[in-house]
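What follows is calculated from the coordinates using simple rules that are stated; it is not laboratory data. Keep in mind that this is a model prediction, so the values were computed, not measured. So basically every Cβ, Gly included, is an ideal-geometry build from the backbone, and we count neighbours across all protein chains shown.
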Amino acid sequence: MTTTATDEDVATDEDSRTVTDENPDEAILQVTNLQKRFGGVVAVDGVDFEIEPGTVTGLIGPNGAGKSTTFDLITGVQNADGGQVVFDGTAITGRRPEQIANRGLVRTFQIARELSEMTVLENVMLAPPHQLGESLWRSVLPGFRGGVSDQEAELREEAWETLEFFAIDHLAGEYAGNLSGGQRKLLEMARVFMTDPDMILLDEPLAGVNPTLEERLLDRIHELQSQGYTFLLVEHDMDVVMNHCDPVIVMHQGKRLMQGAPEAVRQDERVLEAYLGGEVEQ
Amino acid sequence: MSEIDAPADDATSGAEGEQSIRDRIWAVASASDIRLIAVTLLAIYAIFLFLGIVGGLDVNGLYSSLERVTFFAAVYALVVLALNLQWGYAGLFNIGVAGFMAIGLYSMHILTVQIGLPYPVGALVAILITSLFGALVALPALRLRADYLAIVTLAFAEIVRSILGSQRFAELSLGGVDIGFGGATGPDGVLPDPVKFILYEDPYSLRPESNAFGELYFSLFDPFVIDDSTAEGILYALFLIVFVGLFYFLLVRTGNSPFGRVLKAIREDETVANALGKDTRKFKIKAFALGSALMGLAAILWYTKRGGVTPTNFEPEITFFIFVALIIGGAGSNTGSVIGGIVFGALLFRGPVFVERIINRRLEADADPTTIFDAFTGIDPFIVYTTDNLSALRVVLLGVVLIILIQRRPEGLLGNRKEIASSIDLEDRTGGEN
């Protein structure tokens, strides 16, 4: 965690970017001049930022700042009107969502999107990439199906461990639609981890999650961070962001307002103004 | 080959050493599912037998009616199973079922009767052609949401029917070979049903001679006073039951696998499937192609026996019948599809016709009323008048059943069951390899 570059110190910011351009391994995700407009509304207006591997980066900003749209643009759910996204040294702008996910960059959704008429286990077992049995012939033809079952048996163990990790293993056989809001969030996280990602974008992972569960989720995130996973999360709860994210990126009106350590963000005048609804001098 | 092909159940747990074919087939679905299907069918047989005996049918008549019930139960089950893969699993709203059935049957007719390919080769190529059309129609499905796909498929089916019935394409020739669709009356020549190949010397002729096996087979029925056509129908019914078994086996394996899991995910939320790295386009095309191929095959098995090769067999009505049957059985469940097919085909489709026949037989209608005024001249004329119109009232009956179902049990008879999309029992964590 070396990045503490902020807009206040433009020079350092620029410097660090040049460095990472030369060493693509340094930043796992680089977003450059990303743009998206919906009719007359400019949702994302030239956003730039970089994410260092192994960090938990917070992305905050008032409603309508363009956070979720930025997520959509990064993960290919929506196509950007301009700009570039580089993940792990490869430009992924304009790629399809599944291609991006298979490269190891996965996301959760703001409103948990569980597959409600599938059980929790089915939800989780869906996620592992490149399963043999996803080939119709292998699943159907005698002689091949054995291999499919063997692989599924391995994945089943992995799935159970993941469910235990997120403490929803007691719900394994339930339809996902029967889960509570918080449990759905946990399920989404579990599902995302089963894809074996390098970096995870979490869109408001704690919304609607009770404090006990929230603690557990944050513990899990830090535990996984120590294993080398990278997180970018959108969150509205300032306490969470200030205590658990470093660095923090602040967006406002489709632009990056600043990026820095939680302390720096907390003391920044512009951030305060953005949140209190005042006009911002750019 | 793994020992476990499907969730183990009481029937397979006792299997030791090498698995027999029976065990494997048994393992595809839990034994209770097969029992459920069998019980449903037997219950329906009982109803028909009872009505038949009350109606005074002779032995031949009783066998004949059971054979017909089995026929309709089976052919509906076949198409419903195919639709369940597309709609029940993947949520692909295909209301062009009739179109795919027509393509299968017409391809078969042109390939075997007109071009002269051997029957099994013709069937295989016809199935391939249908699946190609399925894949083709699935292309817009890659971008369209459910309701728009419905419009595309319905339009497709109607275009197919218009082309097949059109005078313009009635006579076509390709290198001297007639490949015309025959217009409104269908193409010339007889496309025999597959069972004719087992029983007759020359199945393509209009009045075929029995072969050695045919002689033997028909003679088996002589002591029971069952005529040859009923005997043939019974063999055909058994033949269809085998095909329902094959379809079921294939589709249960397809559904209970990671492939089936992705299909279900597409139905539930395609964006999630994409976000988890699944190229849903490939899955949709495959599901559509396989489902359509099975619809084509089902049509061959259906209309070669009853209905013939004419465009009028493929009006949208048939598509909606299939949907109703699937809704009755429970979309998303293969066992439910079979039961839905049986219940619909036997009770709702065949039932009214059967009831009409035996009531008319019973009353022998001294006064056969032609207008509703005549109908009110007495009890018997009234009953005869009503039952005469039973097959027309079928659609009304259908509506009533559908309304009751949607109110009381919207998920269908078996739609609420968990049929886990996996080749192994996911919840049985310790259940390793055996």
**Prompt:** In degrees between 0 and 90, to the nearest 10, how far off the longest principal axis of chain A does helix A:145-165 point, with axes built from Cα atoms?
**Reply:** 50
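Quick check on my link table: of A:Lys185/B:Lys278; B:Lys264/B:Lys305; A:Lys67/A:Lys185, which ones sit more than 25 Å apart, alpha carbon to alpha carbon? Don't jump to the answer; show the numbers that get you there.
Values: A:Lys185/B:Lys278 21 Å; B:Lys264/B:Lys305 35 Å; A:Lys67/A:Lys185 19 Å.
Correct reply: B:Lys264/B:Lys305.
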**Asked** Tally Lys/Arg at +1 and Asp/Glu at -1 over every other residue whose Cβ is under 11 Å from the Cβ of A:Glu114; what's the total?
**Response** -2
**Message:** Among DSSP bridges having both ends in the protein assembly as shown, what percentage is antiparallel? Round to the nearest 5.
**Reply:** 60
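Inside 10 Å of the C-beta atoms of A:72-79, what's the mean count of C-beta atoms belonging to other chains? Spell out each step's value before the answer.
Working: counts 0, 0, 0, 2, 2, 3, 0, 0.
Taking the mean over all residues of the peptide, I get 1.
What does the average come to when, for each residue of peptide B:251-257, you count the partner chain Cβ atoms lying within 10 Å of its Cβ?
Working: counts 1, 1, 7, 3, 1, 3, 13.
The mean count of partner-chain Cβ atoms within 10 Å per residue comes to 4.
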**Message:** Starting from the 7 Å offset along Cα-to-Cβ, what nm value, one decimal, do you get for the label separation of B:Ala170 and A:Asn243?
**Reply:** 8.4
**Request:** Give, as ranges by residue number, the residues of the stretch B:86-117 whose backbone N falls under 18 Å from the point 7 Å along Cα→Cβ of B:Phe197.
**Result:** B:104-117
**Request:** Take the alpha-carbon positions of the stretch B:286-329, form their convex hull, and give its projected area averaged over all directions (one quarter of the hull surface) in nm².
**Result:** 3.6
**Message:** Test of understanding: express the Cα radius of gyration of chain A as a ratio to 2.2 N^0.38 Å, with N the residue count.
**Reply:** 1.05
**Request:** Can you grab the distance from the C-alpha centre of the stretch A:62-95 to the C-alpha centre of the stretch A:199-219, Å, no decimals?
**Result:** 22
**Request:** Scan chain B and note any complete DSSP helix (H) whose C-alpha atoms cover at least 27 Å along its axis and whose Kyte-Doolittle average is 1.6 or more.
**Result:** B:31-54, B:119-141
**Asked** Dipole of the protein assembly as shown (Lys/Arg Cβ +1, Asp/Glu Cβ -1, origin at the Cα centre): which of B:Gly55, B:Val39, A:Thr162 lies farthest to the positive side?
**Response** B:Gly55
**Message:** Charges at C-beta only: +1 for Lys and Arg, -1 for Asp and Glu. How large is the resulting dipole of chain A about its Cα centre, in Debye rounded to 20?
**Reply:** 1160
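When Cβ neighbours within 10 Å are restricted to other protein chains, what is their mean count per residue of peptide A:130-141?
Numbers: counts 2, 6, 4, 10, 11, 5, 12, 2, 4, 10, 9, 1.
The per-residue average across the peptide is 6.
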**Prompt:** Most mobile of A:Gly146, A:Gly46, A:Gly89 per a Gaussian network model of chain A (Cα springs, under 10 Å)?
**Reply:** A:Gly146
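Take B:Leu235, A:Leu34 and order them by how many other Cβ atoms sit within 10 Å, fewest up front.
In increasing order of surrounding Cβ atoms, one gets B:Leu235, A:Leu34.
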**Complete:** Note, B:Ile234: beta-carbon cut-off 13 Å, +1 each Lys/Arg, -1 each Asp/Glu, net -2
**Message:** To test your reading of the geometry: what angle, between 0 and 90 degrees and rounded to tens, separates the Cα axis of helix A:211-226 from the longest principal axis of chain A?
**Reply:** 90
**Complete:** Both in Å, the radius of gyration and Dmax of the C-alpha trace of the stretch B:199-323 are 20.9, 66
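With a cut-off of at most 12 other beta carbons within 10 Å, and DSSP calling the residue loop, which trypsin sites (Lys or Arg not before Pro) in the stretch B:65-159 qualify? Please list them.
Numbers: sites: B:Arg68, B:Arg143, B:Arg145; in loops: B:Arg143, B:Arg145.
Sparse-neighbourhood loop trypsin sites (Lys or Arg not before Pro): B:Arg143, B:Arg145.
Nothing charged except the Cβ atoms of Lys and Arg (+1) and of Asp and Glu (-1): what's the magnitude of the dipole of chain B about its Cα centre? Round to the nearest 20 debye. Walk me through the numbers before you get to the answer.
Working: 31 positive and 43 negative charges, 314 e Å.
That gives a dipole near 1500 debye.
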**Item:** Sorted largest first, extent of chain B alpha carbons per principal axis (Å)
**Value:** 70, 57, 52
**Prompt:** Just from the alpha-carbon atoms, what are the Rg and Dmax of the stretch A:115-178 in angstroms?
**Reply:** 12.8, 37
**Asked** Which three lengths, in whole Å and largest first, does the protein assembly as shown cover when its Cα atoms are put on their principal axes?
**Response** 102, 61, 59
**Fill in**
Ranked by GNM mean-square fluctuation in chain A (Cα springs under 10 Å), the top entry among A:Ser139, A:Ser180, A:Ser226 is A:Ser139
**Item:** Cα extents of the stretch A:71-219 along the three principal axes, largest first (Å)
**Value:** 49, 38, 25
